[in-house]
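The values are calculated or read from the model by the stated rules, or taken from the named source; none is laboratory data. Because the structure is predicted, anything quoted here is derived from the model rather than measured. Quick reminder, even Gly has a Cβ in these numbers, built from the backbone with ideal geometry, and neighbours come from all protein chains shown. Just so you know, the surface numbers come from the protein's heavy atoms only, side chains and all, with ligands and any DNA or RNA stripped out. Shrake-Rupley method; radii C 1.70, N 1.55, O 1.52, S 1.80 Å.
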Amino acid sequence: MLTAADVERIAAGLIAARERVLHPRPTAQVLAALSELVARWLRPESPWRHRAEAELPAASGFSPAMVRYGLPLMLEPLRGDAIGRLLDAELGTGDRASGPPLLLHVLAGNLPGLAAIPVALSLAVKSAVMVKAGSGDRVFPTLFIESLAAVDPELAQCAAALYWPGGRLDLEAAAFHAADVVIASGNDATIADIARRVPGRLIGHGHRISFAAITRDALRDAEIVAAQLADDVALWDQLGCLSPQLAYVERGGEITVEQFADMLGRALDRLADELPLHQLSRAEQATLQRFRQEAEWRSVRGEEVTLFASPSDVRWTVVYDAAPAFVPTPLNRTIWVKPLDALSELTTILAPVRPYLEAAGIAAPASRRNELETLLTHAGVHRVCPLGQMQRPDLSWRQGGRPRVAEWIVGR
């Protein structure tokens, strides 16, 4: 069990290692070590990857198939010279400005593998890094830093992964006081609570929600579009901020929007065996059942609502709903499919939820993409990408519209 004194000692050791190892080292050497680390993880024969695939299912609750499929996608954005290109874009070329002595990343822990990017980027800006792991992923952060020690033992001395259960205010106080900047992810209540207790700088990433926008023209290839959207929904069981919870579809295509909803359900059903849903708690199952029952009652009351759902369990749920309101789902592979006469209506629909928008996956012909991207960006969406790519962002993605690393450095 950690004590506050332990946290203070670890933080002091990280800062000392940063001065000894990171501060004098050329950025190019740091980037080379990080590139080699990621390359080793992405090799199919990687022992570190094999350990992660063996340990993460029990630790995170995700199925072994999901971990095998999704973990490389978490690491892919760091491949090659991606970090260097990001630093050039945000900090300028040359031997870039150094970050503060110690960065503390408080991870949400909803997805395994999330620690790779903050650890790598912190070291890339020559900051020591402490990661406070979330309860849903206590394995990967430590494993990633252990693997760094195999590539560059000195560099690994500048990184540490810690875990403590919620409510340990003494440990959090020690970490918050030691760090120059705290970068925290979680729901809005968590971020507000942390903000009250961080004496220095806090960069908070709170609740966000994503959706899909599909033109009538795209329904000429409805099977392909449904498969792409199903992959975006199924990956990590919608527990990430880039997972779509709604799909707005234009009327007037080669099939009706309701028929598309049925097609999406069948695509999700195929993925249910290939990428099984994580083991749901009783509370999660009850929430999904209530979601389905509410859809059925609305249909009985005469509303234009149709439920498409896995018949013998709650592995996936699609609800066709003619009401255009932007409403989240209970996650765990549940999605609204909502018809619109024109996607231009999204300007009004999205206005009330603008502060919470993150990503939009689009299916549209080339002639309409620029127009749709402009509309969505003006509506407050920070990432617009093709369907099937929503949870595969590169490092240029600015979560919440904020830079990846420039904000960590005072004066940037």
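Tabulated data
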{"quantity": "Segment 77-93 - residue that is in contact (Cβ under 8 Å) with a residue 12 or more places away in the chain and small (Gly, Ala, Ser) and, of those, most open to solvent (accessible area, probe 1.4 Å)", "calculated": "89"}
{"quantity": "Test: residue in segment 114-127 that is free of Cβ contacts under 8 Å to residues at least 24 places away in the same chain and either in contact with an Asp or Glu (Cβ under 8 Å, 6 or more places away or on another chain) or open to solvent by 30 Å² or more (accessible area, probe 1.4 Å) (or both)", "calculated": "no"}
{"quantity": "Residue 224 over 23 Å from residue 57 (Cβ atoms), free of Cβ contacts under 8 Å to residues at least 40 places away in the same chain, surrounded by fewer than 17 Cβ atoms within 10 Å (Cβ to Cβ) and not polar (S, T, N, Q)", "calculated": "yes"}
{"quantity": "Qualifying residue in segment 6-22 (condition: open to solvent by less than 40 Å² (accessible area, probe 1.4 Å), under 30 Å from residue 167 (Cα atoms) and in a loop (DSSP other than H, G, I, E, B))", "calculated": "no"}
{"quantity": "Pair list, Cβ under 6 Å, 6 or more apart: segment 310-322 residue over 16 Å from residue 336 (Cβ atoms), other residue small (Gly, Ala, Ser)", "calculated": "315/272"}
{"quantity": "Yes/no for residue 237 being among the acidic types (Asp, Glu) and either under 30 Å from residue 13 (Cβ atoms) or part of a strand (DSSP E or B) (or both)", "calculated": "no"}
{"quantity": "Residue 369 vs. criteria without any contact (Cβ under 8 Å) to a residue 60 or more places away in the chain, open to solvent by 70 Å² or more (accessible area, probe 1.4 Å) and either within 26 Å of residue 75 (Cβ to Cβ) or aromatic (Phe, Trp, Tyr) (or both)", "calculated": "no"}
{"quantity": "Segments classed as helices (runs of 4 or more DSSP H), wholly inside segment 69-161, with at least 3 members that are farther than 22 Å from residue 398 by Cα, in contact with a strand residue (DSSP E or B) (Cβ under 8 Å, 6 or more places away or on another chain) and at pLDDT 95 or above", "calculated": "140-151"}
{"quantity": "Positions within segment 336-366 being in contact (Cβ under 8 Å) with a residue 60 or more places away in the chain and either among the basic types (Lys, Arg) or more than 24 Å from residue 306 (Cα to Cα) (or both), in sequence order", "calculated": "338, 353, 356, 357, 358, 359, 364, 365"}
{"quantity": "Selection from segment 63-76 of residues that are crowded, with 19+ Cβ neighbours inside 10 Å and closer than 15 Å to residue 41 by Cβ", "calculated": "67, 70, 71, 74, 75"}
{"quantity": "Test: residue 402 is touching a helix residue (DSSP H, G or I) at 6+ places or on another chain (Cβ under 7 Å) and open to solvent by 20 Å² or more (accessible area, probe 1.4 Å)", "calculated": "no"}
{"quantity": "Cβ pairs under 6 Å, 6+ apart, first in segment 269-292 and closer than 20 Å to residue 235 by Cβ, second of a type in the set (Gly, Ala, Ser) and assigned to a helix (DSSP H, G or I)", "calculated": "271/230; 271/234; 275/65; 275/234"}
{"quantity": "Options 136, 186; residue that is among the small types (Gly, Ala, Ser), touching a Ser or Thr at 6+ places or on another chain (Cβ under 7 Å) and closer than 21 Å to residue 206 by Cα", "calculated": "136"}
{"quantity": "In segment 94-112, residue nearest to the chain's Cα centre (by Cα) [restricted to those that are buried (at least 22 other Cβ atoms within 10 Å of the Cβ) and under 16 Å from residue 391 (Cβ atoms)]", "calculated": "111"}
